[in-house]
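To start, the structure under review is shown below, and the notes come after it.
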Amino acid sequence: MSPATTVFTNINTNKITVQNSAQDLSKLEIESFDVNMYGFGVKDFEEKIIDGLFENNKDNEIIKKIYMSYIRGADWIIRGLPSYMPDKDHSFIEANIKMIPPFSLTEYSGILTFKVRIFNDFNFEPLSELIINRHLGSFRNPTEEQIEAAILEKNSEIKKGDFYLEDLGYRNAKVHSLKYSGVVTVYYYNGIEKMHEKTTITNKEILVEAYNSTQKKSVSQFVTYDVHLGKEALLKSYNEVSLWWKGFTWNNANGNRWHNQEHPSGKKDEALYTRITLDLKSTTTKVSIMDRVYTGTNWTKVYGRAVLVWINNYRFRVGYEIDISAYATAWNAQWARTSASMHMTTFTLKPEYGLG
């Protein structure tokens, strides 16, 4: 029994090693591309699409090997081919192509999938020959209209209505066309990350006084970011908001204190501004930054929070909230008093993964 068990284990180990070394085609990300079938017929779909796959992915060594095996006669199974030709009026067919490797090619596993737009147009020029100037300059807070206008201004050969934008971000956008072939990426700079860099928000010191009661007050201040391209586009480039803050509190039990990130409960000497970052991805982010509580027969409480809230898909606000309260019993001759103020400045967006 022992020798047989040993042989069986070795065989399985070898099989697992082979499977793990195979290239999983389902993990390959292939950008969609266009194929012009003018002058060809339905029977030529497969060959023209495979040629297009190679032409649009010449730098991908795996695609090169797949293409070479195909033209040498490997029996790749191609699924998703259309059964008819598009009209000759700039209309197109969008096909979802699946390439299944033959059993003989053991170096591959999974299924290669990609999208193709198929045209049948005599005047199907490459978009790249019309949009030559692809660096569009700077926008403070780019909009789709501004990007489109800059493309037209810098490229006289393309006309309004000849193209549309997809995958708009804060550094680049993809330009597509129903009239011309291919996809072009345009680039630009933006100023949204420093939109409130010179902004400071603060409040006049708020005060509560209590005797034989509990007294409360709250205050909040925010700056607002309008995100013209939307939350999803912003999060492709930025993941946090950075700001600098310090706070001040007072109560009648033990006087003044200054607060910052190193001293949320306060210190006697005046504090310097310190930095905090808030997560942009969450719908609401609240971080406790100021916490001062005095308890005795009477008591006073001060709580401060840094806050980031998405109001909708195109706007968020960032700032602070302060809640103060005091209590004094009628049996104590003293009033309970407390006050607080907050100062925040230099709001900047932080790039995703350190990208500038």
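Key figures for this structure:
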quantity: Strands (runs of 3 or more DSSP E) contained in region 260-356 and holding at least 2 residues under 28 Å from residue 215 (Cα atoms); calculated: 263-267, 284-295, 299-312, 315-328, 336-351
quantity: Options 197, 193: the member that is outside any loop (DSSP other than H, G, I, E, B) and surrounded by 15 or more Cβ atoms within 10 Å (Cβ to Cβ); calculated: 193
quantity: Output for region 230-282, where each listed residue is of a type in the set (Gly, Ala, Ser) and touching a helix residue (DSSP H, G or I) at 6+ places or on another chain (Cβ under 7 Å); calculated: 237
quantity: Filtered residues of region 86-99 (kept if at pLDDT 90 or above and not β-branched (Val, Ile, Thr)); calculated: 94, 95, 96, 98, 99
quantity: Residue that is nearest to the chain's Cα centre (by Cα), among those in region 116-154 that are among the polar types (S, T, N, Q) and under 29 Å from residue 48 (Cβ atoms); calculated: 128
quantity: Residue that is nearest to the chain's Cα centre (by Cα), among those in region 210-226 that are open to solvent by 30 Å² or more (accessible area, probe 1.4 Å) and more than 24 Å from residue 325 (Cβ to Cβ); calculated: 226
quantity: Odd one out for residue 260, checked against (1) in contact (Cβ under 8 Å) with a residue 24 or more places away in the chain; (2) open to solvent by less than 20 Å² (accessible area, probe 1.4 Å); calculated: (1)
quantity: Single unsatisfied condition, residue 324 versus (1) more than 22 Å from residue 219 (Cβ to Cβ); (2) open to solvent by less than 60 Å² (accessible area, probe 1.4 Å); calculated: (1)
quantity: Condition check for residue 148: surrounded by 13 or more Cβ atoms within 10 Å (Cβ to Cβ), modelled with pLDDT of 90 or more and within 14 Å of residue 230 (Cα to Cα); calculated: no
quantity: Neighbours by Cβ (under 7 Å, 6+ apart or cross-chain): first from region 25-46, free of Cβ contacts under 8 Å to residues at least 40 places away in the same chain; second surrounded by fewer than 19 Cβ atoms within 10 Å (Cβ to Cβ) and outside any strand (DSSP E or B); calculated: 40/48; 46/81
quantity: Of the criteria (1) touching a strand residue (DSSP E or B) at 6+ places or on another chain (Cβ under 8 Å); (2) open to solvent by 40 Å² or more (accessible area, probe 1.4 Å); (3) under 30 Å from residue 22 (Cα atoms), which one residue 112 fails; calculated: (2)
quantity: Condition met for residue 274 (modelled with pLDDT under 95 and either among the β-branched types (Val, Ile, Thr) or in contact with a Pro (Cβ under 7 Å, 6 or more places away or on another chain) (or both)); calculated: no
quantity: Region 327-356 - residue that is of a type in the set (Val, Ile, Thr), touching a Ser or Thr at 6+ places or on another chain (Cβ under 7 Å) and at pLDDT 95 or above and, of those, surrounded by the most Cβ atoms within 10 Å (Cβ to Cβ); calculated: 338
quantity: Restricting region 78-98 to residues that are of a type in the set (A, V, I, L, M, F, W, C) and closer than 30 Å to residue 163 by Cβ, the residue that is most open to solvent (accessible area, probe 1.4 Å); calculated: 92
quantity: Strands (runs of 3 or more DSSP E) lying entirely in region 95-179 (those with 2 or more residues that are in contact (Cβ under 8 Å) with a residue 60 or more places away in the chain); calculated: 112-119
quantity: Single match in 229, 234, 243 (criterion: part of a strand (DSSP E or B), closer than 21 Å to residue 348 by Cα, of a type in the set (A, V, I, L, M) and open to solvent by less than 50 Å² (accessible area, probe 1.4 Å)); calculated: 243
quantity: Residue among 157, 153 that is at pLDDT 95 or above, open to solvent by 90 Å² or more (accessible area, probe 1.4 Å) and acidic (Asp, Glu); calculated: 153
quantity: Selection status of residue 292, under 30 Å from the mean Cα position of the chain (by Cα), modelled with pLDDT of 95 or more and of a type in the set (Lys, Arg); calculated: no
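The values are calculated or read from the model by the stated rules, or taken from the named source; none is laboratory data. Treat the numbers as computed from the prediction; the structure is a model and nothing was measured. For neighbour counting, all protein chains shown are included, and Cβ atoms are generated from backbone atoms with ideal geometry for every residue, glycine included. We work out accessible area using only protein heavy atoms, side chains counted, and drop any ligands, DNA or RNA first. Shrake-Rupley method; radii C 1.70, N 1.55, O 1.52, S 1.80 Å.
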